[in-house]
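Okay, so here's the structure we're looking at.
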Amino acid sequence: MKLNIRNAESSDAPVLGRICYEAFYKISDEHNFPADFPTPEVGIGLISSLIERNDVYSVVAELEGKIVGSNFLWKGNSVAGVGPITIDPGVQNRSVGRSLMDEVLLHAQMRGFLSVRLVQAAYHNRSLSLYSKLGFKVDEPLSTIQGTAINKTIDGYHVREMTDDDVEDCDQLCSRVHGHTRIRDIRDAVDQKTGTVVESDNRISGYSTTVGYFGHTVGESNNDIKALIGAAREFPGPGFLLPTRNFEVLSWCLENGLRIVQPLNLMSRGFYQVPRGAFMPSILF
């Protein structure tokens, strides 16, 4: 059957959003995990916003003229993030996912990104196999954490709203810990008023663009991460992503009434620096 990959258009959003909802619902339901998108409307809203963004490369797969899937490459920083990639459950195992991934990886290669990264549902064997074949390696097992805001403070660590004056300091911290910039994401967090910073010894020692699914968090120490989690009023989306191997913060979260929702994997293709500090990735990386 003829498969065509093309750029996404705003008029595609209703169909793509419903496919996104159905694809995530099917795989999560099969494994008894909560769906990332609770309703089709949430999927449509996300896809609509991604197609409109100038820093996201959006592509659609058509099989015999029918829309059957989509993929997105976030390219606002030196590292590109992939997702969400979703395929109509009725056309699985026909190389649609491989073709969508090939397209965004070619786009990333042509633009010289330092690395391409994604977060994969650890229980989804097919996607893990596909990404591994494409050269992605698992760098960090993750746990999605959710629950009621815990309103905890850490002695010696003060959390406040992120401002324009903090952007450079936060990005320098990201570069020290991860070896690359995320200045676009940090600036977006200031503009959207979702960002927070934590100060210790009268300087910024950590920050979060959002303690939730689409936000990332960086700190010099685990206490910075705890302070930012403790100050969050909510955890948007399915929750925040915590490296499972960070036993100190994981056990602290569980002791404070939070729960593990599902296992994930942070995967990368290309450059990856083992973090020189504490961190929590977004659903992209």
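The values are calculated or read from the model by the stated rules, or taken from the named source; none is laboratory data. All of these numbers come straight from a predicted model, not from anything done at the bench. Heads up, the Cβs are rebuilt from the backbone with ideal geometry, glycines too, and the neighbour counts pull from every protein chain shown.
Screening the range 83-201 for helices (runs of 4 or more DSSP H) wholly inside it with 2 or more residues that are at pLDDT below 95 and in contact with a Phe, Trp or Tyr (Cβ under 6 Å, 6 or more places away or on another chain) returns no ranges.
Check the range 140-158 and report whether any residue there is over 28 Å from GLY69 (Cβ atoms) and charged (D, E, K, R). Checked against the condition, which is being over 28 Å from GLY69 (Cβ atoms) and charged (D, E, K, R), the range 140-158 yields at least one hit.
Every residue, every condition in (1) of a type outside the set (A, V, I, L, M); (2) without any contact (Cβ under 8 Å) to a residue 40 or more places away in the chain; (3) crowded, with 19+ Cβ neighbours inside 10 Å, yes or no:
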| position | (1), (2), (3) |
| --- | --- |
| LYS2 | yes, no, no |
| ALA8 | no, no, yes |
| ILE19 | no, no, yes |
| PRO38 | yes, yes, no |
| SER49 | yes, yes, no |
| VAL56 | no, yes, no |
| VAL60 | no, no, yes |
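Considered as a group, the residues in the range 255-276 that are in contact with a Ser or Thr (Cβ under 7 Å, 6 or more places away or on another chain) and part of a loop (DSSP other than H, G, I, E, B) include one that is farthest from ARG111 (Cα to Cα), and that residue is GLY257. Looking across the range 234-263 at every residue that is under 20 Å from the mean Cα position of the chain (by Cα) and among the aromatic types (Phe, Trp, Tyr), the one that is surrounded by the fewest Cβ atoms within 10 Å (Cβ to Cβ) is identified as PHE235.
Residues that are under 14 Å from LEU173 (Cα atoms), in contact with a His (Cβ under 7 Å, 6 or more places away or on another chain) and not polar (S, T, N, Q): does the range 203-216 have at least one? No, because not a single residue in the range 203-216 is under 14 Å from LEU173 (Cα atoms), in contact with a His (Cβ under 7 Å, 6 or more places away or on another chain) and not polar (S, T, N, Q). Please determine whether any residue of the range 166-188 is loosely packed, with under 15 Cβ neighbours inside 10 Å, closer than 15 Å to MET280 by Cα and within 20 Å of the chain's Cα centre (by Cα). No, there is no match, as no residue in the range 166-188 is loosely packed, with under 15 Cβ neighbours inside 10 Å, closer than 15 Å to MET280 by Cα and within 20 Å of the chain's Cα centre (by Cα). When ARG111 is tested against the conditions (1) among the basic types (Lys, Arg); (2) within 22 Å of ASP185 (Cβ to Cβ); (3) surrounded by 13 or more Cβ atoms within 10 Å (Cβ to Cβ), the lone failure is (3).
Residue count for the range 132-161 under the criterion of being of a type in the set (S, T, N, Q), crowded, with 18+ Cβ neighbours inside 10 Å and touching a helix residue (DSSP H, G or I) at 6+ places or on another chain (Cβ under 7 Å): the result is 1.
Being surrounded by fewer than 20 Cβ atoms within 10 Å (Cβ to Cβ), hydroxyl-bearing (Ser, Thr, Tyr) and free of Cβ contacts under 8 Å to residues at least 40 places away in the same chain holds for only one residue in SER95, SER129, and it is SER129. Filtering VAL82, VAL68 for residues that are farther than 25 Å from ARG182 by Cβ, outside the structural domain of GLN273 (by TED's automatic domain parsing) and of a type in the set (A, V, I, L, M) leaves a single hit, VAL68.
Condition first: among the charged types (D, E, K, R), on the phi < 0 side of the Ramachandran plot and assigned to a strand (DSSP E or B). Can you find one or more residues in the range 228-247 that meet it? Taking every residue of the range 228-247 in turn, none turns out to be among the charged types (D, E, K, R), on the phi < 0 side of the Ramachandran plot and assigned to a strand (DSSP E or B).
Only one of (1) buried (at least 19 other Cβ atoms within 10 Å of the Cβ); (2) over 17 Å from the mean Cα position of the chain (by Cα); (3) among the hydroxyl-bearing types (Ser, Thr, Tyr) is not met by SER221, so which one is it? Going through the list (1) buried (at least 19 other Cβ atoms within 10 Å of the Cβ); (2) over 17 Å from the mean Cα position of the chain (by Cα); (3) among the hydroxyl-bearing types (Ser, Thr, Tyr), SER221 breaks only (1). Quick check, is SER205 closer than 27 Å to TYR272 by Cβ, more than 19 Å from the chain's Cα centre (by Cα) and part of a strand (DSSP E or B)? Judged against the criteria, SER205 is a match.
Pull up the range 189-209, narrow it to residues that are in contact (Cβ under 8 Å) with a residue 40 or more places away in the chain and not charged (D, E, K, R), then point me to the one that is farthest from ILE283 (Cα to Cα). It comes out as SER200.
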